[in-house]
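Working notes, beginning with the structure itself.
The values are calculated or read from the model by the stated rules, or taken from the named source; none is laboratory data. Note that the coordinates shown come from a computational prediction; the quantities given were computed from them, not determined experimentally. Please note: Cβ atoms are built from the backbone with ideal geometry, for glycine as well, and neighbour counts cover all protein chains shown. Ligands, DNA and RNA are stripped out before the accessible areas are found, and what is left, the full protein with its side chains, is counted by its heavy atoms. Shrake-Rupley method; radii C 1.70, N 1.55, O 1.52, S 1.80 Å.
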Amino acid sequence: MQDENEKSTKYEDIILPNLLQIEAWYRDGATDKEVYEALGIGKTTFYKYAKEHLELKELQKRTKPIVDIEVENMLLKKSLGYKVNISKPFKVKHIEYNDNGKKISEDEEIVYAEEEVYIPPSDTDMIFWLKNRKPNVWRDKHEIEHSGAIKLEDVL
């Protein structure tokens, strides 16, 4: 039987064996809440371990920003429009004729060809980008501060 000093912690039992999985979740865009819920531990415990254990803290610092950067890059790309190569299927018919011009065989096959397709800019993504990057110019609601007195006589 283990004494009090040898008793394992949730960190050793739950976090350590799952560090690789946690890293994968963060790379896939998971939030801290999704991670600690998937691990079956509480918020307070999770954040306590992130403060106390350098390997978990470093894992968060290393993986979470990568996904954020990828999303930012895709948002910019979608806002500006871009080209992408896609593989399109085409049905090709093969017909064989004899010397007299009579059809002797016919078959079909699917052939794939690359095609460059232009993905036009997304209005929604452009608006989102501008509202967040230039809120003073693009926000829906503008606050105007008025200084001085307004006299009711002047209004009437």
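A few remarks follow.
- Of the trypsin sites (Lys or Arg not before Pro) in the range 54-144, those whose Cβ has at most 12 other Cβ within 10 Å and which sit in DSSP loop: 102, 139, 141
- Averaged over its residues, the range 1-129 has an accessible area of 77 Å² per residue, based on protein heavy atoms and a 1.4 Å probe.
- Value of relative contact order over the chain, rounded to a whole percent, pairs C-alpha under 8 Å and six or more apart: 17
- Of 30, 113, 38, the residue with the greatest mean-square motion in the GNM of the chain, using alpha carbon springs below 10 Å, is 113.
- For residue 87, net neighbour charge (Lys/Arg +1, Asp/Glu -1) across residues whose Cβ lies under 14 Å away: -2
- Electrostatic tally near residue 113: other residues with Cβ closer than 15 Å to its Cβ, Lys and Arg +1, Asp and Glu -1, net -2.
- Computed over the range 46-108, the ratio Rg/Rh where both radii use C-alpha atoms and Rh is Kirkwood: 1.61
- Nonlocal amide H pairs with residue 82, under 5 Å, H built at 1.01 Å: 119
- Values of log10 I(q)/I(0) for the range 73-156 across q = 0.22 Å⁻¹ run -1.04, by the Debye formula with one identical scatterer at each alpha carbon and no solvent.
- Derived value for the range 1-86: Kirkwood hydrodynamic radius 14.9 Å. Basis is the mean of 1/r over every pair of different alpha-carbon atoms.
- Under 13 Å from the Cα of residue 43 - aspartates and glutamates, other chains or at least 8 residues apart: 32, 34
- The chain: angle of helix 43-52 to the longest principal axis, Cα-based, in degrees nearest 10: 80
- Per-selection Rg to Rh, the chain - Cα, Kirkwood hydrodynamic radius: 1.34
- 3J(HN,Hα) from dihedral phi, the range 126-137, Karplus parametrisation 6.51/-1.76/1.60, rounded to Hz, x for glycine, proline: 5, 4, 4, 4, 5, 5, 8, 7, 9, x, 5, 9
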